[in-house]
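Q: Below is a structure I'd like to ask you about.
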Amino acid sequence: MIKKNISNPIKLVKYYKLINHNLIYNNKAINRYKRNNLEISGNKALELERLVKSIHSIKNCDLKNNATNMVFSDGNPKSNIMLIGEAPGANEDEEGLPFVGRAGALLDKMLSSINLDRKKVYITNIINFRPPNNRRPTDEEIKRYLPFVSRHIEIINPKILVLLGSTAMNALIGNDEVISKMRGKWIEKKFGNCRTSVIITFHPAFLMRQPAQKKMAWIDLKMIRDKKTN
Ligand code: URA
């Protein structure tokens, strides 16, 4: 018989393990901004925390209701380089972090080819909750999450914004062009008070399906590597 006298946090965790139920993080915003570790200014940390809370308080959203975790971001909030993907998949939903599955492994390789890693860049998605069966987010869902991702860009204030794939491109550049025409060029864009140089490149999941396109992605990566940000 399990006693429910579980006021001590250690006992509480043991109790949850015992009943094999992750009640602690289930569909809760996990605050990944270890403010002190990342040494970001109080204001930026506060604005990010506010944004996490406002996304978490979205009402009547099926994506949120069906997700395990909110996926907010990974990486260094002080970075000059911000990357934006589409939406979390199953692994990301499970871990509460973007790009931790197979596409994430390729993204890490792409970053490392230009001497970058997750400590040197900041990563998020257009949508913060996993669409069921990894389907593409609908236009309506994108419209709903757009103010959050725009605010996210404004807070991070990157000099370089890398849009991974056509969902991020269509959402943030606002056109219906095909990605093959839009990739590989710099576009100056303003998000609130943030002026940034945007580059569109292929999504790593697309590159896994179409490895022949990796040579084009390499051109884009070199443009990012060689971009002067001062
Ligand atoms: N694909 C994305 O667009 N984002 C992730 O976080 C994972 C896969």
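Q: I'd like to verify a number: residues in segment 191-219 that are in a helix (DSSP H, G or I) and surrounded by fewer than 20 Cβ atoms within 10 Å (Cβ to Cβ), how many?
A: The number of residues fulfilling the criteria is 11.
Q: Read through the list (1) surrounded by 12 or more Cβ atoms within 10 Å (Cβ to Cβ); (2) of a type in the set (D, E, K, R); (3) assigned to a loop (DSSP other than H, G, I, E, B), then give the number of the only condition that D176 fails.
A: (1)
Q: Confirm whether P88 is open to solvent by less than 10 Å² (accessible area, probe 1.4 Å), in contact (Cβ under 8 Å) with a residue 24 or more places away in the chain and within 9 Å of the ligand (Cβ to nearest atom).
A: It is true that P88 is open to solvent by less than 10 Å² (accessible area, probe 1.4 Å), in contact (Cβ under 8 Å) with a residue 24 or more places away in the chain and within 9 Å of the ligand (Cβ to nearest atom).
Q: Just for segment 41-71: of the residues that are among the hydroxyl-bearing types (S, T, Y) and surrounded by fewer than 16 Cβ atoms within 10 Å (Cβ to Cβ), which one is nearest to the ligand (Cβ to nearest atom)?
A: So the residue we want is S54.
Q: Under the condition of being in contact (Cβ under 8 Å) with a residue 24 or more places away in the chain and assigned to a helix (DSSP H, G or I), which residue from segment 123-144 is farthest from the ligand (Cβ to nearest atom)?
A: My answer is R144.
Q: When the residues of segment 135-149 are filtered to those that are surrounded by fewer than 15 Cβ atoms within 10 Å (Cβ to Cβ) and of a type outside the set (D, E, K, R), which remaining residue is nearest to the chain's Cα centre (by Cα)?
A: P147
Q: Out of all the residues in segment 91-121, which are touching a residue at least 12 places away in the same chain (Cβ under 8 Å), outside any loop (DSSP other than H, G, I, E, B), open to solvent by 50 Å² or more (accessible area, probe 1.4 Å) and charged (D, E, K, R)?
A: Residues satisfying the conditions are E94, E95, R102.
Q: Let me ask another. Take D74 and tell me if it is open to solvent by 30 Å² or more (accessible area, probe 1.4 Å), out of contact with any helix residue (DSSP H, G or I) (no Cβ under 7 Å at 6 or more places or on another chain) and farther than 16 Å from P158 by Cα.
A: So D74 fails the test.
The values are calculated or read from the model by the stated rules, or taken from the named source; none is laboratory data. Predicted model, so just to flag it, every value in this text is computed and none were measured. Methodologically, a virtual Cβ is constructed for each residue, glycine included, from the backbone with ideal geometry; neighbour enumeration extends over all protein chains shown. Please note that ligands, DNA and RNA were not included when accessible areas were found on the heavy atoms of the full protein model with its side chains. Shrake-Rupley method; radii C 1.70, N 1.55, O 1.52, S 1.80 Å.
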